[in-house]
1. Restricting to region 1-30, name every residue that is aliphatic (A, V, I, L, M), at pLDDT 95 or above, assigned to a loop (DSSP other than H, G, I, E, B) and over 20 Å from the mean Cα position of the chain (by Cα).
2. Applying the selection to region 43-69, what residues are closer than 28 Å to Arg124 by Cα and assigned to a loop (DSSP other than H, G, I, E, B)?
3. Residue check: is Cys345 modelled with pLDDT under 80, of a type in the set (A, V, I, L, M, F, W, C), outside any helix (DSSP H, G or I) and on the phi > 0 side of the Ramachandran plot?
4. Could you count how many residues in region 234-276 are more than 21 Å from Ala27 (Cα to Cα) and not hydrophobic (A, V, I, L, M, F, W, C)?
5. What residue, of Val271, Val322, Val315, Val279, is touching a strand residue (DSSP E or B) at 6+ places or on another chain (Cβ under 8 Å), surrounded by 24 or more Cβ atoms within 10 Å (Cβ to Cβ) and at pLDDT 95 or above?
6. Evaluate the following for Leu330: is it touching a residue at least 12 places away in the same chain (Cβ under 8 Å), aliphatic (A, V, I, L, M) and surrounded by fewer than 22 Cβ atoms within 10 Å (Cβ to Cβ)?
7. Hey, among Ala112, Ala102, Ala97, which residue is more than 24 Å from His182 (Cβ to Cβ), among the aliphatic types (A, V, I, L, M) and crowded, with 20+ Cβ neighbours inside 10 Å?
8. Residue check, Val125 against (1) surrounded by fewer than 20 Cβ atoms within 10 Å (Cβ to Cβ); (2) modelled with pLDDT of 95 or more, all met but one. Which one?
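The values are calculated or read from the model by the stated rules, or taken from the named source; none is laboratory data. Since the model is a prediction, treat every value here as computed from it, not as a measurement. Counting neighbours? That spans all protein chains shown, and the Cβs are built from the backbone with ideal geometry, glycine included.
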Amino acid sequence: MDLLKTLVDKGLRCELPTREEALAVLATSDDDVLDVVAAAGKVRRHWFGRRVKLNYLVNLKSGLCPEDCSYCSQRLGSKAGILKYTWLKPDEASDAAAAGLAGGAKRVCLVASGRGPTDRDVERVSETIKTIKEQNEHVEVCACLGLLSDGQAERLREAGADAYNHNLNTSESTYGDITTTHTYADRVDTVNKAHAAGLSACSGLIAGMGESDEDLVDVVFSLRELDPDSVPVNFLIPFEGTPLAKEWNLTPQRCLRILAMVRFVCPDAEVRIAGGREVHLRTMQPLALHLANSIFLGDYLTSEGQAGKADLEMVADAGFEVEGAGEVTLPEHRVRAAGGRGSVCGTHEGCGSHEGCGAHEGAQVCGTADTCGTSAAQAAPAASPAQEARTDLVAVRRRGAGTDLAPNA
């Protein structure tokens, strides 16, 4: 398929595809999904070999959030029966992190519900970061605390944070449909604050909320413009008690196409399969490792994940290896460009796009609708039917942080 050859060539050069090419990946048929995986897998292996980075989530404060994000079980008005608790103490958070690190995790992601941290919250999380780093010399720590105010990112970095996560989630044009208590621009501002402070920016998306292919391409192109080091791809977990509980729009094949599109648009970024992989990819999870080079180990914030032992077996059985603590995740040119932190996808030189990351405005337009000479609309097959609701696969987390039970890692 000429489209896939073109995308592989561009991915190996870290060159931005056209929007039409990205849309064409999403429009490929289920019959061609293995060809799509094989092509994107070449790009993944070029930049990351067969390494899989393991990450571990610690939910520092669960539930009781004043924001109204429709996809979230912790949202204002959520009736989901999740765990609710206030801040973990530093030692409690460090103990929770230790379970994931013992399972092979390289990065600990410290997450707290809420609109954004107060200065007291930043002090609290800073103490937690220091405690974890004192007890685990080589661990990476990523904070995810919501919208940041001026100076807070710098304080987190001074405390030892390596990265900050704040996802865009969906396209700017549809953002108001899923959240009304803050704006898309607020999220962009927080990612930029993390960058400016010298933190490694982590920002991604949620697929499966009823968005169009155009929305998915919009948000991924926006992410490339923002230049995050890592791009987590979440697949909506439709929690009962949330507004999106009935949104079961994904098939395993569509999830693979979405991951492939992200890999082609962000070829040398750390692409992470995040929440929902067990629910929507199911037995096809190993194929996704040919597209993404990073996963979460064990449970998520409010939902249970696959057993940590099963994650490790899946990585090994698929012919991949867990990335070691002493290995550098990002390709050398990206690390070099940021002096050891930040900047993704090169710089002006060598990436074929402004800021090394493309943009809505700066995206290349090839002059034809796609590499095959037909428009994506003309070439698109009928969309795959959405899967039937599998509520049996959505389990609320009842172990680990905030409980007296051992975590899953």
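1. Residue satisfying the conditions is Ala27 alone.
2. Within region 43-69, Gly63, Leu64, Cys65, Pro66, Glu67, Asp68, Cys69 qualify.
3. So Cys345 fits the description; yes.
4. The total comes to 11.
5. Val271
6. On the way: touching a residue at least 12 places away in the same chain (Cβ under 8 Å): yes; aliphatic (A, V, I, L, M): yes; surrounded by fewer than 22 Cβ atoms within 10 Å (Cβ to Cβ): no.
Criteria not met by Leu330.
7. Numbers: Ala112 fails: more than 24 Å from His182 (Cβ to Cβ); Ala102 fails: crowded, with 20+ Cβ neighbours inside 10 Å.
Answer to the selection: Ala97.
8. The number of the failed condition is (1).
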